[in-house]
Every structure is written in structure tokens, then in C-alpha cells.
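*Asks:* I have a structure here, written as C-alpha cells, and I will follow up with some questions on it.
The values are calculated or read from the model by the stated rules, or taken from the named source; none is laboratory data. If you're wondering where the values come from, they're calculated on a predicted model, not measured in any experiment. Here Cβ is always computed from backbone atoms with ideal geometry, including for glycine, and neighbour counts include all displayed protein chains. Surface accessibility is based on the protein's heavy atoms, side chains included, excluding ligands, DNA and RNA. Shrake-Rupley method; radii C 1.70, N 1.55, O 1.52, S 1.80 Å.
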Amino acid sequence: MTAPESIALAIKQIDEKKQKLKKAFDGLQAHRSLLSPSFNLSWSDIDSHFSSLQSSLSDRFRLLQSDKTEPPPAVTTETPLTWPELRTFCENMNGKGLGKFMIDNSNKRLSIKPELAQAIRSSSSPAALVLDAIEGSYHCSPSSSADARRIFVLLLEALIEVKPNLTNELRERARTLASDWRLNIGNKPSEALGFLHLVVVFELVSVFNMEEILDYVFLISNCKQATTLSKKLALDYSIVAGIVHKLLHTGRLLAAISFIYEFEMTDRFRPVNVLKTSLYNSREAAKRVCAQAGNSLKAQNEATDKELSALRLVIKVIKERNLEIEFFEEDLEESVQELENLRARTRQASKLASPANPPKRPRAARCNNLTAPTQSQQPPLLPDPRHGLQVNPFGFVNSTVPGVNVPYGNQLAPYGSVPAPAIAARPVYYEQQTGYGLRPQYQPPYYPQ
């Protein structure tokens, strides 16, 4: 086996090795309470890192092969492919076989993706090939439908890159497929994502009701392809502004940020205040999780995890959009560290409170007629007005005792000790004018007046 072939084989095996790593990570998670509080990696972080490395390695390998000195004319060589099967299916116009092969290998789609567009170009009719692949697998069994939909999106994304020639016959086939597809969308972003890709590739925007298409854009707003598809749908400025308003009104603030920047609307909407509102909302959501579960240790763990996740997403957006000057980044990072320490303490408390560590029974003879407090007699985790403590609008306790700053009014409460950033008295992320700039029929029911 030559060196290039060895490299190609190693790249192809990355997905399999990553699956083994995930199993090991899941096993490690079972003992998370024994780990250092500084260990805060999630599988999504690890998966994203390795996927990025895999994509980079594949790109560099292809670049290395393309830069090689051409051999003498008498010797013909071909750059080794990680997935030569793709080229075979495409050259033979075997769309059904291509679709089945990709669905069967859907867990390796990240390594397939870099070679897919080039393989599709080798077919005599790329658009017909992709339609054959989708139609041949569209009515697959429910157990594999999620994998199938992801593969369909991958095929359609590659077809967008290829920029195929379209005929009326192909557009009619695509229209029929899209009409069937929309019946299954419901409230499923994965279905809406595939449908919109089909509409974009085969230029079917005029075939469907625009308000329906905008509903699907909203449904996929948390997907990374949302803004790209919106641009390819040729949505005008006022329509996109309406989508941003809907996202803001329904709490999808980070999705709104993507649209604000990608469509250059920072003069109309205020990204900084949107991010501050997102932080405030995550704090409020965490408080509700605690309150609804009686402030149990399990609820406090869940609330802390949710707030940590939201805080990290905001920090990521701040760095991506170069907004560090608008925030005290050190304070945000400190808040992350405090929440991580908080989580470590609550998990330790959960472990101590488990049945494996039952509390010792008090000895009445030494209590001087005072019994140990029962579970129902434990100090409340939320502040009691009689204690002279009030919760400010950010869930942070203002103490009437000088120099005392207590989370939720109880020194024992392990949640809520990180102050949230200030927020304006009204939703300042909205544009400073009345109306949404949309056709009247698109306003309800999305935008409360």
C-alpha cells in the first residue's frame, strides 16, 4: 500500500475511531462526580473539534495530491479517493444506489461530504442523479428516516455547489417531490431543512405560498444553514426584518443575531442588547427550573447546566462578532468559572444526600429538647421576606445587612450566585420605529401588537 493510500484509509477510519471515543467518554461521564470541577468538556465540544480536524485533514490531503508533480505522459496515476464508490455510482447514473450507500454510511457523512460534489459532477446529469437518489430512498423505514433526511440535505447542498442545468422536466419532478415532502414537515426542522434545500436548488419559490416558506425558515432558524438558505430564497430586507422580529418575540435571540449580522441589520437592531437579554432570559429560565422542582439538588444541577450552556454560547457569539469591547469578557469568564464551581458543589451535595450516605439519627439525650431538623424543616432555598432579603430583577439577592450578598437569601443555596448583566427597562433590541415593514397579512400571528 502506497503512502497516499495509507493516508486515505486512515482518514476513512476517523469516524469509526470517533465512535469508540464517544463510548469511552460516556463511560467517563458515569463517574463525573469524581472528576475535577475544571473538567467541563461536553461530547458536542469534542465531536466538533475532531470533525473540524477531520475536515481540515481531508482538505489538506486533497491539496497535497493536486500539488504533486505530474508524472511522465506514459504513466497515468489518479488521486486516491477516500470514497471511490461515490464516483462509481455517479458515473453510472445509479442514483438509487448512491442514496442507499450514503444512508448506510450516514455516520461517516462528514468524511463523505468533501468528495460528494466532485463525484456528482462526474455524472451526465447531476440534477437527475440527485432526484433519483432522493426519490429512491424517500419512503424509507421510520427508524432510518432521520439519517435519510440528513443525507438528502447533504446531496442537495452538493448540488447547489455543482450549479446544475435544469430542465422543465426536472423541475416538475422536483415540484412533485416537494409537494409530497411538505405534507410531512409538521413541526420538524429536519424536514423543513430538506424541503427548503429542494425549493432553492430547483428554483421552486414561486410554486409555494411565501408565508408558508417563511414559516419553514423560522422553523430552521437555529440551523447553521438558515441564513444561507434565506439569501438563496432572495428574501427582501423587510421580510427578513419581520423574521428577526418574530425570533426576538419568541425568544430565539441567538438565531436573531445570525440574521442581524448576515443581512447587515445592526443599524436597525442592537446586537449587544439582544445578547444581554439572552443572558437575562437564561437566568430567569434557570430560576424557573429550580422553583418548579422545589429547589431540589437535581433541579439546581439542571439549572446550572442550562445557564452554563447559554453563557458559553453568548461568549462564543461575542468572540465571533468581535463584541469584546461591549462586554467585560473577564466577568463572563469568571461567571462561567463560578457556575462550574457551583455545579461541582451541588453534585457533591447530591452524592452525600444519596441513599448510600443516609444521615445519622440525632441522639435526643444531648439535644436539650431540640430535635434535629427534618427534610421539611430545612431552611428554604428561596429568600424569606422576614429575613430582610429581596431578589432583584436579575435573581440576585440584595441584602439589607451591610456587606452581605447571599445567593437566593440562603448561604446553603448553591445556585444563583452569579449576577446577570444589566438589561434595559424595555426591549431595546427592537428597531426604533413602529411597524415591521412586512405585508399586513404576514404580521399575525407572529407579532403581538
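*Asks:* Count charges around A285 for me, please; just the other residues with Cβ under 10 Å from its Cβ, Lys/Arg as +1, Asp/Glu as -1.
*Replies:* +2
*Asks:* Tell me, what % of the accessible area of region 151-293 is carbon and sulfur with a 1.4 angstrom probe?
*Replies:* Within region 151-293, the accessible surface is 45 percent carbon and sulfur.
*Asks:* Through the Karplus equation 6.51 cos²θ - 1.76 cosθ + 1.60, θ set to phi - 60°, convert the phi angles of region 89-97 into ³J(HN,Hα) values in whole Hz; use x for Gly and Pro.
*Replies:* Along region 89-97, the couplings run 4, 6, 4, 8, 6, 9, x, 4, x Hz.
*Asks:* Just to verify a number: what accessible area does L183 come out at with the full protein assembly present, 1.4 Å probe, Å² rounded to tens?
*Replies:* Result for L183: roughly 130 Å² accessible.
*Asks:* For region 156-306, what is the accessible area per residue in Å² when the probe is 1.4 Å?
*Replies:* Averaged over the residues of region 156-306, the accessible area is 43 Å².
*Asks:* Could you check the simple spin-label distance between F328 and L183, using points 7 Å along Cα→Cβ, in nm with one decimal?
*Replies:* It works out to 5.9 nm between the two label points.
*Asks:* Identify the GluC sites (Glu not before Pro) of region 209-266 meeting these criteria: DSSP loop state and at most 12 other C-beta atoms within 10 Å of the C-beta.
*Replies:* Numbers: sites: E211, E212, E262, E264; in loops: E264.
Answer by residue number: E264.
*Asks:* How much length is gained on full extension from L352 to Q292, taking 0.36 nm per residue of separation minus their Cα-Cα distance?
*Replies:* 19.3 nm
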